1. Under the rule that an exposed site lies in a DSSP loop and has at most 14 other Cβ atoms within 10 Å, name the longest stretch of the chain with no chymotrypsin sites (Phe, Trp or Tyr not before Pro) of that kind, not counting the sites themselves.
2. Suppose all protein chains stay in the model; what accessible area per residue would a 1.4 Å probe give for the chain, in Å²?
3. What shape does the range 116-181 take by its C-alpha gyration tensor, where a ≥ b ≥ c are the square roots of the eigenvalues and a/c under 1.5 counts as rounded, a/b above b/c as prolate, and the rest as oblate?
4. In this model, which of 103/254; 43/197; 143/169; 250/296 are farther than 32 Å apart at the alpha-carbon?
5. Hey, can you grab everything whose amide H is under 5 Å from the amide H of residue 237? Only 5+ residues off in sequence or another chain; H modelled, so Pro and N-termini drop out.
6. For the range 52-137, what % of the accessible area comes from carbon and sulfur atoms, probe 1.4 Å?
7. Give me the extension gain from residue 276 to residue 165: residue separation times 0.36 nm, minus the current Cα-Cα distance, reported in nm with one decimal.
8. Please compute the length gained on full extension between residue 113 and residue 74, using 0.36 nm multiplied by the number of residues separating them and subtracting their Cα-Cα distance.
Amino acid sequence: MAWPLLLLLFSSLAFSHAQLTLDYYAQTCPQFDAIMRDITQQKQMQFPATAAATLRLLFHDCAVDGCDASVLIKPTAFNKSELDYDINHSLAGDAFDLITRIKTALELACPGVVSCADILATATRNLVVMTGGPHYKVQLGKKDSLVSNVSNVEEHLTRANATIDLMIKKFQPMGIDVKDMVVLIGGGHTVGFVHCKELANRIFPNPDPTMNPILVERLRAMCANYTTNSDMSAFLDVISPGNFDNVLFKNLMKGIGVLGSDQLLYSDPRTRPFVELYAKDAIAFANDFAHAMEKKTAELE
C-alpha cells in the first residue's frame, strides 16, 4: 500500500481537537513506544540516510500550517497537494517508507488510534537521539489534517539560495525568532543532505568566490552528473555528516558551508553571534535545539 494512501485511510480523527500529553497513548496503544523504537532503529541501521530524510520531512510538514502530517497527503486529479511543490519533490523515500512501516504496525496493534503526525514527530526525535543529538519531549495527541494544498507552501519554505532577510521573514510568522532559526537550521543540516541541482549554481560553471576552493572541487566531482541523475546529493556537513553535532557551525566559520544560505548565517551580523556560540558550545546547541523542537512540535494550529 502506498504511503500517502495510508494517511487518507487512517485519519478518521482529523480536525478534532486534542489535549496534548506525553503519555497520550498509554491506555489506547500501550505498544506505541516499543513499536516506534524498534522500527525506527531497524530502519536507521539499514539505511543511515533515514535520519536526515525524516528530519527534513518533519520540518517541511511543520512549516506549513503546523505539524499535522499534511505533507504526506497524496495529490489527486482534483487537488495539488504540498507534495506537488517543487522543493518537496526532493523529500526522500526513506522517510516516507519509515512512516508507512510504523503506521502499518500500529494499525495492527491498535487500529485507528495513532496519528501520522505523532508518528512523524516521535520518529524524528528518536532518530535525532540515535545520531547523537539531544533527547527532547514530544507532546502527543495531534490529529492528521485532511487538507493539503500546494498554494500554501511557497510563503513558508525557503530555498537553498535564500537571503537572511527572506529566511527571517518566513520564520517569524511561525513564531521562530532569529536564535531559534539558527539552531533549527543547524540541527536540520548537521545530518542533512542536499540534491546537487540545488547547489549547482554555486559550483557550475563559475564557482561562488566565497566558497573554499577545495570544497568547490569536491562538490564538482560529486555532482558532475547531476543533470542526468536527479538523485545525486551532497552532505551539508562535510566533516561529520552522520553525526548530530555542532560541527556544521564550525564549518561555517571556516567558510566551508555547502549551501549559500547556510554560509550567510555566519556572514550576517544578526545570525553570526549564534553561529559562534554553537560552534564553541555543543551543549548550548543541543539544549537550544531540544527547546526549539519541543516548542514547535507542541503547537496546536
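1. 79-301
2. Using a 1.4 Å probe on heavy atoms only, each residue of the chain averages 45 Å².
3. oblate
4. Too far apart for the 32 Å limit: 103/254.
5. Sorted by chain and number, the residues that satisfy this are 192.
6. 59 percent
7. Extra length from residue 276 to residue 165 when fully extended: 38.0 nm.
8. 12.0 nm
The values are calculated or read from the model by the stated rules, or taken from the named source; none is laboratory data. Please read all numbers here as calculations on a predicted model, not as lab measurements. Glycine gets a Cβ as well: all are built from the backbone with ideal geometry, and neighbour counts include every protein chain shown. Only protein heavy atoms, including side chains, enter the accessible area calculation; ligands, DNA and RNA are left aside. Shrake-Rupley method; radii C 1.70, N 1.55, O 1.52, S 1.80 Å.
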